[in-house]
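Written out below as structure tokens is the structure these notes cover.
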Amino acid sequence: MHALQFSTTGDLAALSLVELPTPVAAADEVLVQVKAAGLNPSDVKNVLGRFPYTTLPRIPGRDFAGVIVDGPAALVGQEVWGTGKELGFYRDGSHAGYLVLPVAGVALKPRSLSFVQAASLGVPYTTAWDALQRSGVGADTCLLVIGANGAVGSAAIALAKVLGARVLAAVRGPEQARTLREQGIEVIVLGKPEDLAAQVNAVFSGGAEVIFDTTGHWLPATVGALRVFGRVAFIAAPLDGHVHLPALALYRKGGTLIGVNSLLYSCGECARMLDQFGQYFDQGLLPVPHQLQEARLADGLGSYAEVNAGTCAKVVLIP
């Protein structure tokens, strides 16, 4: 089978297209023919050496959609999708023609999603779902999503609306705000961090019950925009990993910080999440993804460079 593989880290030049034997599924595993595989920024960072626990040589790729071609008879022929912390790090990932996984590590793909669409959703949607579930977002929750135009932010807004939350999106530019308003979403345009509390209070009297900062850079400013006993979920931080948090103000509000890391969840745990919200696609409650950039696996080296440069839409590799 064709696969992308790297044996050293630190440079995208370490990634190459290789020919490898098709893997063989053990008794408790399935062999998936990969029909489409998402390319996430974390896949690029993996090749660049940002994850010290990655074992080499390794096929990268966390997200996939495909067909089970070997395994328990009841599963052969089923269309599935998946993601998880093992893939691409200490188990070969999805940027290949075939993928071996534990039986519990796959979920049935929603019928309303194509393979390409399903492969684009794993990391963004499981990350957003985890953030919303752990921060207690439900009916009528006043939720602020910072970085609402990104993949995770967009997923959080879509899922929160299904859960019945009142959503306020925060973006950097007026053009991004205009696009969201056309979708019927309340929006604020981010300015100075010290102005965030007033902007949020103008929409949510008393502040937001939950704030999801998908950038990490607004974390200190979120405290002033938070309601008493509110929760702040975040998925990133500045490059040095440190922020100056107004801890006294957070303490006085009884606030809670929730770190959201998709790499804490196994393929089996992610499959359960996919089952939980995947039904909403078939029920017409979640939007079908669009503006995806398809690329052949053979051209994957160029796609990795584009994602690293931040110059492309969501990329899905086709073996």
- Note on the structure: Per residue, the convex hull enclosing the Cα atoms of segment 197-319 spans a volume in Å³ of 183
- Query: Which angle between 0 and 90 degrees, to the nearest 10, do you get for helix 267-282 versus the longest principal axis of the chain when only C-alpha atoms count?
  - Reply: 70
- Message: I'd like the carbon and sulfur percentage of the solvent accessible area for segment 75-137, probe radius 1.4 Å, heavy atoms only, ligands and nucleic acids excluded.
- Response: 52
- Message: Looking at segment 1-131, I'd like the Rg to Rh ratio, where Rg is from alpha-carbon atoms and Rh is Kirkwood's inverse mean 1/r.
- Response: 0.96
- Message: Using a Debye calculation, one point per C-alpha and no hydration shell, please list log10 I(q)/I(0) for segment 124-178 at q = 0.19 Å⁻¹ in order.
- Response: -0.57
- Just name one of GLY136, VAL315, GLN293: the one whose Cα is farthest towards the positive end of the charge dipole of the chain (beta-carbon charges, Lys/Arg +1, Asp/Glu -1). GLY136
- Item | Separation between Cα centres of segment 273-319 and segment 123-141, rounded to whole Å | 20
- Item | Rounded percent of accessible protein surface that carbon and sulfur make up, segment 190-319, 1.4 Å probe | 55
- Message: Taking the Cα centroid of segment 66-98 and of segment 206-256, what is the distance between the two, rounded to the nearest whole Å?
- Response: 37
- Message: I need the per residue convex hull volume for the chain, using only the alpha carbons, in cubic angstrom as a whole number.
- Response: 128
- Message: Using only Cα atoms and rounding to the nearest 10 degrees, what angle (0 to 90) does helix 151-163 make with the longest principal axis of the chain?
- Response: 70
- Can you tell me the dipole magnitude for the chain around its Cα centre, using point charges on the Cβ only (Lys, Arg +1; Asp, Glu -1), in Debye to the nearest 20? 700
- Result for the chain: accessible area per residue, probe 1.4 angstrom, in square angstrom, of 43
- Hey, what angle do you get for helix 300-309 against the long axis of the chain, alpha-carbon based, 0 to 90 degrees rounded to 10? 20
- At 222 nm, what helix-only mean residue ellipticity would the chain give, in deg cm²/dmol to the nearest 500, using -39500 (n - 2.57) for each DSSP H run of four or more? -8000 deg cm²/dmol
- Query: How many percent of Cα pairs in segment 196-257 exceed 20 Å?
  - Reply: 19
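The values are calculated or read from the model by the stated rules, or taken from the named source; none is laboratory data. Here the structure is a predicted model, which is why all the values come from computation and not from measurement. We place every Cβ from the backbone using ideal geometry, glycine too, and count neighbours over all the protein chains shown. For accessibility, only protein heavy atoms count, side chains too; no ligands or nucleic acids. Shrake-Rupley method; radii C 1.70, N 1.55, O 1.52, S 1.80 Å.
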